[in-house]
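Derivation of every value follows stated rules applied to the coordinates shown; laboratory data play no part. Remember, it's a predicted structure, so these values are computed and weren't measured experimentally. Every residue, glycine among them, receives a Cβ derived from its backbone with ideal geometry; neighbour counts consider all protein chains shown.
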Amino acid sequence: MQLGKFKLHIIRECSFRLDGGAMFGVVPKSLWDKVSPADERNRILLYCNLLLIETPAGRVLVETGMGPRWSEKEADRYELKSLVNYDNVLESVGLTNNDVDAVIISHLHFDHAGGATVLKDGKLVPTFPKAKYYAQKGELEFAFQANARARASYRPDDFLPLQEHGVLQLVDGDSEILPGVSVRLTGGHTSHHQVVTFESEGKKGVYFADIIPTKSHLTPPWVMGYDHYPLASCDIKSEYLAKAARENWLVVFDHEPGVPWGHVIQTAEGKFDWQPLTEESLVAV
């Protein structure tokens, strides 16, 4: 789709499942199961939705998804189904891995950074060889110091090879990556989680990453059990959603299994409702 001078594409990298209770924290299952039904193992269906932003200054890929480096046992645990060819992740939009100039990773959990590297000739190398990868400095520091609760979400093989190849660019707080495409430090999900905002010719959008992973998480108190700082997540959701509704931003959800982009409206009662784009908007043109 077109947003000002930017051309946007959704790349559906994989489908997978995570525990519904973990995905909705303190929200009772009797509520969340109505909007995100669980399977017999209490898991809900999720996708990894990557966002490709084609700008006059270069192509930016937001997130890398789960990637291909999973054992059979792990793939079964998550019911992981890859939906792309990792030799050419952008095949569906007529581009190649070499066509990406910048990769933004919201945080370094495995379902966001897992596709950043691939195994070639026995060595881990960047999936997008000509791109610089952008992450928060504090996020990388925490990944090496994570305690027992947080450690399982970080896999060093997702990001250490990026450092070794000299392509990992660390930012410290809010930063513009390419003209019109910026990262905004939010915290909440992790201490240095970032969202991505983009703007062209007065039209604006936001990729919420794990601050709002699906449309079912639109209500501000519905935050994940995975969040390190759930109260902060609630507050930042309220702030960003109100602004997105007021200014008619394009909103993109990273894990939504349905149509992952659209607009948010705020009702007279202060609640937020979701207006997705059409299925046809996901087809590359």
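Listed values, structure above:
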quantity	calculated
Sequence-distant aspartates and glutamates (8 or more away, or on other chains) whose Cα lies within less than 17 Å of Lys120	Asp87, Asp157, Asp158, Glu164
The chain: most fluctuating residue of Val35, Val93, Val252 per GNM, C-alpha cutoff 10 Å	Val35
Full-stretch length increase - Arg184, Asn42 - with 0.36 nm per residue and alpha-carbon distance subtracted	47.8 nm
Most mobile of Leu185, Leu45, Leu31 in a GNM of the chain (Cα contacts under 10 Å)	Leu31
Positive dipole terminus of the chain, leading residue within Gly67, Asn98, His192 (C-beta point charges)	His192
Full-stretch length increase - Asp33, Glu269 - with 0.36 nm per residue and alpha-carbon distance subtracted	82.5 nm
Shape category assigned to the range 2-282 from the gyration tensor of Cα positions, a/c cut at 1.5	rounded
Estimated distance in nm for a label pair at Glu201 and Arg151, the labels positioned 7 Å out from Cα along Cα-to-Cβ	5.2
